[in-house]
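Where a number appears in this text, it was derived from the coordinates with a stated rule and is not lab data. Bear in mind that the values here come from a model prediction, so they are computed numbers and not experimental data. Here the Cβ is made from the backbone with ideal geometry for all residues, glycine too, and neighbour counts use every protein chain on show.
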């Protein structure tokens with residue numbers, strides 16, 4: 001029995017068009033042309049308990065809108081969503097007590113008070129017992145190294161520190177389902193890494209079902225086995241991330257360093273030249289041919305160094321998006 | 001169910017504790033604000049005294065009655081501001097989009113806009129005003145017995161209900177349009193009319209004060225209960241109207257939430 | 001050449017008003033309702049007795065109707081923005097330009113007053129139409145003196161408001177000082193709520209040593225022909241002293257404050 005089941009979810013928005021200028025402003029007072037935008041178009045999928053799933057897609061694809069419909073913030077225009085046996089848009093307190101949400105650009109920590117106090121607020125809101133609260137808080141403080149941070153006013157924390165606390169705030173009540181909307185946006189590499197590790201840990205330890213949206217493909221690759229590719233509101237792929245890559249990563253990049261300079265034109269027959277320097281050249285070669293090309297060049301030219309790289313993740317995904 | 005109310009109370013207490021701490025961090029600033037409010041309060045009493053001067057009766061009201069009205073007006077204003085001041089900062093939360101996250105908590109949706117910012121700078125004045133009120137009632141020997149107090153309690157209930165509903169409606173407007181500040185300022189301005197019994201006003205203004213933005217029920221009606229000037233008719237009407245007003249504002253609030261489309265990333 | 005800058009500043013300020021027109025509309029609505037409430041109150045108070053203390057009914061009506069005009073002329077100001085500009089560092093952008101920030105704020109104030117006046121005149125007509133108040137008109141010498149006093153009141157209030165804003169150079173929480181000295185005291189002690197001569201004598205005597213009655217109360221008294229010409233010279237002297245004092249203090253604070261502000265490199 002899936003914990004989340006979505007059937008034919010559609011969400012439309014009315015958008016008003018306004019031309020610039022004073023005349024248009026006056027006209028807009030009594031007549032505003034509008035059009036309907038379909039942000040989410042007939043989405044259907046199921047998610048089981050304990051899964052760690054990512055929604056990926058280009059900007060404006062409808063990922064965040066889908067997430068908002070799933071959490072209950074937005075009402076579906078049509079279709080149905082069932083999470084933990086509830087209809088999210090009813091926003092019943094019993095449902096809300098079992099979900100958590102972290103949004104990358106927004107705060108649920110109150111600005112003027114230390115995170116510690118927001119945690120206490122959550123303890124009261126979600127009715128967490130004293131012993132559970134202490135146990136869980138200790139767990140998170142240790143896991144994320146928050147001892148010195150939680151008593152500092154939120155407005156004085158760095159983005160990375162704040163995001164860690166946002167996660168704690170979202171997880172203190174041990175929700176069964178956690179929604180993460182671009183949780184790592186704006187974070188530096190180290191903070192990113194820590195958060196990624198944290199997400200995987202709580203998924204394993206606490207068996208929290210996690211749905212996240214992200215632009216960062218490395219994050220997605222490192223954390224999620226299953227992805228849903230959404231573009232223009234439609235679902236294009238629902239399955240394993242590695243399968244998706246395999247099917248679409250059809251190229252390898254061969255970077256050669258030479259002892260002497262050679263003219264570029266002679267390499268054109270081997271593959272597409274994507275970069276070149278005084279004594280180096282990078283070739284884009286189809287996957288099944290790359291070994292043959294490599295050995296041909298090694299045999300015929302004086303090579304001092306060779307690097308073989310997979311297609312960058314971003315490029316694969318970009319390719320998938322543009323192929324639609 | 002009782003559990004839920006207990007939760008709300010503990011949440012409010014945590015918020016209140018933090019608010020006090022923050023306000024104590026800037027003692028000189030807090031002091032100046034309190035002094036300013038004290039001046040406003042004292043001056044309003046002075047004005048009434050000056051207006052009555054040698055006259056025993058203005059528009060059918062005596063000086064003792066007028067004093068009760070002005071003191072109670074100040075008291076209820078301070079009390080309402082104490083509880084609902086967070087509405088003034090609601091706009092920021094809306095614009096940043098943080099309100100979304102509030103909606104996903106098992107907390108009443110109006111909690112953050114309305115009840116999340118008790119202003120303890122009003123507290124010293126509330127106490128002073130309450131003491132003044134009791135003193136005046138005793139000094140001028142207004143008849144206060146159990147039934148007066150009961151009636152007063154009912155009018156106080158209607159008063160707070162209306163105040164709550166007005167603030168909730170403003171919150172609903174701001175969810176739809178983000179125009180909070182002007183509406184709040186407009187309401188506060190209008191509210192000053194009740195420093196004197198609203199009976200003295202006529203025409204459209206009176207109609208607005210009685211029915212559209214029922215300042216009359218907030219200030220004048222409870223003060224009349226204390227000075228034994230309240231008719232049963234007015235008492236019943238205020239109670240029923242406040243309940244009606246409450247239901248309308250709650251429906252309006254629900255309506256605004258339904259149409260609330262949070263801005264996408 | 002330098003006047004051109006300030007004309008441009010004035011134009012830009014005007015643009016701002018068009019952008020924030022909804023806010024401005026609500027602001028005017030508030031001011032208008034504020035008047036209606038005070039007027040209704042004083043109308044109720046004085047109509048039953050045919051006046052109050054030394055004021056006839058018409059002089060009370062005139063006091064408040066004229067007060068509407070005086071309030072707009074003297075008290076509309078953008079100098080309250082200065083505190084914010086100092087705190088968030090916006091003042092830097094002004095200091096770094098070849099213009100005097102004080103003249104800049106004065107230019108903004110002029111536009112603020114002009115704009116408010118235009119709208120106020122419409123509201124004024126509405127008030128006359130709705131209430132048809134019996135008004136008292138000044139005799140020629142009173143009128144001339146009234147105009148002079150309004151000018152002095154406007155100038156001295158500008159400097160007074162600068163003083164309060166400049167406190168922000170030294171004190172972090174400037175809003176409380178503006179609340180107390182720029183809002184509460186100005187509202188209460190200038191005579192906007194109750195004519196000052198209805199208050200006990202000892203209070204009036206104290207207030208005469210503060211700037212507040214000179215912003216609002218005295219010009220109106222002059223209009224009402226209630227100030228004998230013999231008192232004009234001493235009143236004039238008081239205003240000149242007021243302008244001199246507020247100018248000196250604000251000037252001094254500006255010089256010292258500028259240095260302090262720049263030394264922090266905000």
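Against the empirical 2.2 N^0.38 Å (N residues), the stretch A:120-174 has a Cα radius of gyration ratio of 1.09.
Spatially, the stretch C:142-216 and the stretch B:188-265 are offset by 34 Å when compared through their Cα centroids. Between residue B:138 and residue B:20, full extension at 0.36 nm per residue minus the direct alpha carbon distance yields a gain of 39.2 nm. Restricting the calculation to Cα atoms, chain A shows an Rg/Rh of 1.08 when the hydrodynamic-style radius is the Kirkwood one. Using a Gaussian network model of chain B whose springs link C-alpha atoms within less than 10 Å, name the residue from B:223, B:163, B:193 with the highest mean-square fluctuation. Evaluated over chain B, the most mobile residue of the options is B:193. Using a simple spin-label model with pseudo-atoms 7 Å out from Cα toward Cβ, residue A:300 and residue B:228 lie 11.6 nm apart.
Binning the alpha carbon pair distances of the stretch B:168-265 at 5 angstrom intervals from zero yields the distribution 3, 12, 18, 20, 18, 12, 8, 5, 3, 1, 1, 0, expressed in whole percent.
Only DSSP H runs of four or more residues enter the estimate; each adds -39500 (n - 2.57), and after division by the residues of chain B the mean residue ellipticity at 222 nm equals -23500 deg cm²/dmol. For the protein assembly as shown, what log10 I(q)/I(0) values come out of the Debye formula at q = 0.08, 0.09 1/Å, with one point per alpha carbon and no solvent? Values returned for q = 0.08, 0.09 Å⁻¹ are -0.90, -1.07. In this structure, residue C:151 and residue A:151 have a Cβ-Cβ separation that, at R0 = 51 Å, corresponds to a calculated FRET efficiency of about 0.35. Once the Cα atoms are used to define both axes, helix C:21-49 deviates from the longest principal axis of chain C by about 30 degrees.
Which FRET efficiency value, to the nearest 0.05, is calculated for residue B:149 and residue A:134 with the Förster distance at 51 angstrom and r the Cβ-Cβ distance? Between residue B:149 and residue A:134 the formula returns 0.65. Let me know the shape class of the stretch C:97-187, please: from the alpha-carbon gyration tensor, a ≥ b ≥ c as square roots of the eigenvalues, rounded when a/c is under 1.5, otherwise prolate if a/b is greater than b/c, or oblate. Prolate.
Between helix B:146-177 and chain B, what is the angle of the helix's C-alpha long axis to the longest principal axis, kept within 0 to 90° and rounded to the nearest 10? On a 0 to 90 degree scale, this one is about 40. Computed over the stretch B:2-258, the percent of Cα pairs more than 27 Å apart is 41. The calculated pair-distance distribution of the stretch A:136-209 uses every alpha carbon pair, bins of 5 angstrom beginning at 0, and gives 3, 15, 29, 27, 18, 6, 1 percent.
In chain C, helical runs assigned H by DSSP with n ≥ 4 each contribute -39500 (n - 2.57); averaged across all residues and rounded to the nearest 500, the mean residue ellipticity at 222 nm is -24000 deg cm²/dmol. Model label sites at residue B:257 and residue A:315, defined 7 Å from Cα along the beta-carbon direction, differ in position by 5.0 nm. Answer rounded, prolate or oblate for chain C, using the Cα gyration tensor with square roots of eigenvalues a ≥ b ≥ c: rounded when a/c is under 1.5, else prolate when a/b is larger than b/c, else oblate. Prolate shape, in that a/c is at least 1.5 and a/b is the bigger ratio.
The mean sequence distance of close C-alpha pairs (under 8 Å, at least 6 residues apart), as a share of the length of the stretch A:71-159, puts its relative contact order at 27 percent.
The alpha carbons of the stretch B:29-86 stretch over 40, 21, 12 Å along the principal axes, in descending order. Here the relative contact order of the stretch A:178-262, from alpha carbon pairs under 8 Å that lie six or more residues apart, stands at 23 percent. On the basis of the beta-carbon distance and an R0 of 30 Å, residue A:265 and residue A:287 show a calculated FRET efficiency of 0.75. Of all the options B:195, B:138, B:171, the one that moves most in a Gaussian network model of chain B with Cα springs shorter than 10 angstrom is B:138. Here the spin labels are modelled as points 7 Å beyond Cα on the Cα-Cβ line, and at residue A:280 and residue B:240 they lie 8.7 nm apart. In terms of its C-alpha gyration tensor, the stretch A:196-254 has an oblate overall shape, because the principal axis ratio a/c (a ≥ b ≥ c, square roots of the eigenvalues) is not below 1.5 and a/b does not outweigh b/c. Taking C:183, C:70, C:222 as the candidate residues, the one with maximal mean-square fluctuation in a Gaussian network model of chain C, Cα springs under 10 Å, is C:183.
Distance from the C-alpha centroid of the stretch C:39-84 to that of the stretch A:105-175: 54 Å, rounded to the whole angstrom.
Return the tail of the calculated pair distribution for the stretch C:1-150, meaning the percent of Cα-Cα pairs more than 28 Å apart. Result for the distance tail: 36 percent.
With the convex hull of its Cα atoms as the shape, the stretch A:250-323 has an orientation-averaged projected area of 5.0 nm². Across chain A, the relative contact order, built from alpha-carbon pairs under 8 Å that are at least six residues apart, equals 19 percent.
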